[in-house]
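These notes concern the structure reproduced below.
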Amino acid sequence: MADLDAPRIDAALARTLGIIMGGGAGKRLFPLTKDRSKPAVPLGGKYRLVDIPISNCLNSGIRSIYVLTQFNTASLHQHINGTYKFDIFSAGSFVEILAAQQTPTGAGWYQGTADAVRQNLNYFLEKPWDYYLVLSGDQLYQMDFRELMESHLASGADLTIATLPVNRQDAQGFGIMQTDEVRRITRFVEKPADPAVLDSLRIPGPLLASLGLAPGSDYYQASMGIYLFNRSVLAGCLENNLDDFGKNIIPAAISDRRVQAHIFQGYWEDIGTIRSFFEANLALSEVEPAFSFYRHDAAIYSRPRFLPASKINSATIHRAVVSDGCIITEANLERCVVGIRSIIETGAVLRNVVMMGADFYESQTSAPPGTPPIGIGRNTTINDAIVDKNARIGERVVISPDGKPAEYDGDNYYIRDGIVIIPKNAVIPDGTWI
């Protein structure tokens, strides 16, 4: 932060409202979104997706935050209310949910990101916030928004968009920004596929050099879906019926507003599909993961549960994240994420498994008659799978996507992107082969 003094930046962030988009029905994350909204999907064993943008805001000094959502909001409400509490002396500090609702001016669902903000604009304008930071609720990254605010103030921008350098192949799946030498955005193309168009959008040499990228590298600026608006600009940009920021509002703003790029060069992953969710979780088990929950300067907050330490009884574990309150007995785990209160019995073998754990403990006699207890039973083998919360998987069960179609709806299981998913509260009897 060499150009602007830190007190000015901190003061601006104190006058900033964070707006986190909860997303739509989360169809690409089904069945994880069957009974919960997308921001409430568990992540990393003990967190929720929504904890990421909220924590980035809190770590950057933004303490006024709304989460906009409309589908399956019960578990998200419970999580937000049980996690983010401020004392009576923290004036203006809150994390609250704004769900779609009927009002005198509208009775419809959110039609897109811009429409969701428009429907709640009266709430956003009723207090004297000077800036509005619009974020996605399903991305995994750690960003210091003080750097974003510094870029915004130093450039005199009306709107600043965070961008990420991506290679040519990946550029075809993003909205790509073209900037001039001072990083002012002059053009936006959604998912460019034409080779000539891609060539014209390439990051120019001088900007590559300023980013520390090799001369001649084939990189493009992809929109991260992170937008910092001035107060009057947000209101003005929504004086229409356009539904989406990325597809509608941003291209229109480029033509008559000063729209700047803030180029981010850290880890960022869009958790939009089962495959991306699966790989992002398993990547946490690496010796030096690209995303780290262990940074002293960027804590990720979540609900305090006061669980006991995990207990490992003679297990063999290679590259795994084991959360609080687990009991693992003589099992073999390789490249796994094990969620809170997970019970894994003797002889179980798990390879490439994201296990979300359980919401409660049960005694040996409290399981419903004829069903296995919550957890994974003796001598069960699971490969390349996601096991959602409270699943009851019996003894001698085999679960693997090998030899099966990449997309399939089975009896109490699903396959998406070649990954088996055992849904929340599922019961898999002893001896089952999936």
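The values are calculated or read from the model by the stated rules, or taken from the named source; none is laboratory data. Nothing here was measured: the structure is a model prediction, and the numbers come from that model. Glycine gets a Cβ as well: all are built from the backbone with ideal geometry, and neighbour counts include every protein chain shown.
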### Message
Looking only at segment 185-225, count every residue that is under 14 Å from I161 (Cα atoms) and surrounded by fewer than 16 Cβ atoms within 10 Å (Cβ to Cβ) and tell me the total.
### Response
2
## Note on the structure
Scanning segment 295-312 for residues that are of a type in the set (A, V, I, L, M, F, W, C) and either over 14 Å from the mean Cα position of the chain (by Cα) or part of a helix (DSSP H, G or I) (or both) gives A298, A299, F306, L307, A309, I312
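Out of the residues in segment 266-294 that are in a loop (DSSP other than H, G, I, E, B) and in contact with a Gly (Cβ under 8 Å, 6 or more places away or on another chain), state the one that is farthest from N230 (Cα to Cα).
Initial filter on segment 266-294 (in a loop (DSSP other than H, G, I, E, B)): 266-267, 271-273, 284-294.
With in contact with a Gly (Cβ under 8 Å, 6 or more places away or on another chain) added as a condition, the list becomes 284, 293.
On the way: L284: 36, F293: 32 Å.
Among those that are in a loop (DSSP other than H, G, I, E, B) and in contact with a Gly (Cβ under 8 Å, 6 or more places away or on another chain), it is L284.
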### Summary
Of (1) under 31 Å from the mean Cα position of the chain (by Cα); (2) surrounded by fewer than 16 Cβ atoms within 10 Å (Cβ to Cβ); (3) over 26 Å from A280 (Cα atoms), A367 fails just (1)
### Message
So, V166, is that one of a type in the set (A, V, I, L, M, F, W, C), outside any strand (DSSP E or B) and assigned by TED's automatic domain parsing to the domain that holds I263 or not?
### Response
no
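Restricting attention to segment 183-226, and to residues there that are of a type in the set (S, T, N, Q) and part of a helix (DSSP H, G or I), which single residue is modelled with the highest pLDDT?
So, considering only residues that are of a type in the set (S, T, N, Q) and part of a helix (DSSP H, G or I), the one modelled with the highest pLDDT is S200.
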### Test result for S60, of a type in the set (S, T, Y) and either in contact with an Asp or Glu (Cβ under 9 Å, 6 or more places away or on another chain) or not assigned by TED's automatic domain parsing to the domain that holds A91 (or both)
yes
### Query
Taking the condition buried (at least 16 other Cβ atoms within 10 Å of the Cβ) and in contact with an Asp or Glu (Cβ under 7 Å, 6 or more places away or on another chain), does N230 pass?
yes
### Message
Cβ-Cβ distance below 7 Å, separation of 6 or more or different chains: which pairs start in segment 409-434 with a residue that is on the phi > 0 side of the Ramachandran plot and end on one that is surrounded by fewer than 16 Cβ atoms within 10 Å (Cβ to Cβ) and in a loop (DSSP other than H, G, I, E, B)?
### Response
D417/T273; D417/A406; G418/A406; G431/R396
### Query
Where residues in segment 248-269 are surrounded by fewer than 16 Cβ atoms within 10 Å (Cβ to Cβ) and either free of Cβ contacts under 8 Å to residues at least 12 places away in the same chain or in contact with a strand residue (DSSP E or B) (Cβ under 7 Å, 6 or more places away or on another chain) (or both), which of them is nearest to Y219 (Cα to Cα)?
Q265
### Query
Hey, does segment 190-208 have a residue that's closer than 29 Å to P7 by Cβ and free of Cβ contacts under 8 Å to residues at least 60 places away in the same chain?
no
### Summary
Okay, helices (runs of 4 or more DSSP H) sitting entirely in segment 65-126 with 2 or more residues that are within 22 Å of L234 (Cα to Cα) and at pLDDT 90 or above, I get 113-119, 121-125
### Message
Looking at S136, S210 in this structure, which one is polar (S, T, N, Q) and under 27 Å from the mean Cα position of the chain (by Cα)?
### Response
S136
#### Entry: Tabulated pairs, segment 38-49, first outside the structural domain of A99 (by TED's automatic domain parsing) and within 13 Å of D359 (Cα to Cα), second buried (at least 24 other Cβ atoms within 10 Å of the Cβ) and at pLDDT 95 or above, C-beta under 7 angstrom, 6+ apart or interchain
none
### Query
From the list F145, F188, which one is farther than 15 Å from F264 by Cβ and aromatic (F, W, Y)?
F188
### Message
Considering only residues that are farther than 15 Å from R335 by Cα and of a type outside the set (S, T, N, Q), which ones fall in segment 265-289?
### Response
G266, Y267, W268, E269, D270, I271, G272, I274, R275
### Query
Out of all the residues in segment 376-396, which are among the β-branched types (V, I, T), crowded, with 23+ Cβ neighbours inside 10 Å and within 17 Å of I328 (Cβ to Cβ)?
I376, T380, I382, V387, I393
### Message
Just to verify a result, which residue in segment 13-28, among those that are modelled with pLDDT of 95 or more and crowded, with 19+ Cβ neighbours inside 10 Å, is farthest from N425 (Cα to Cα)?
### Response
L13
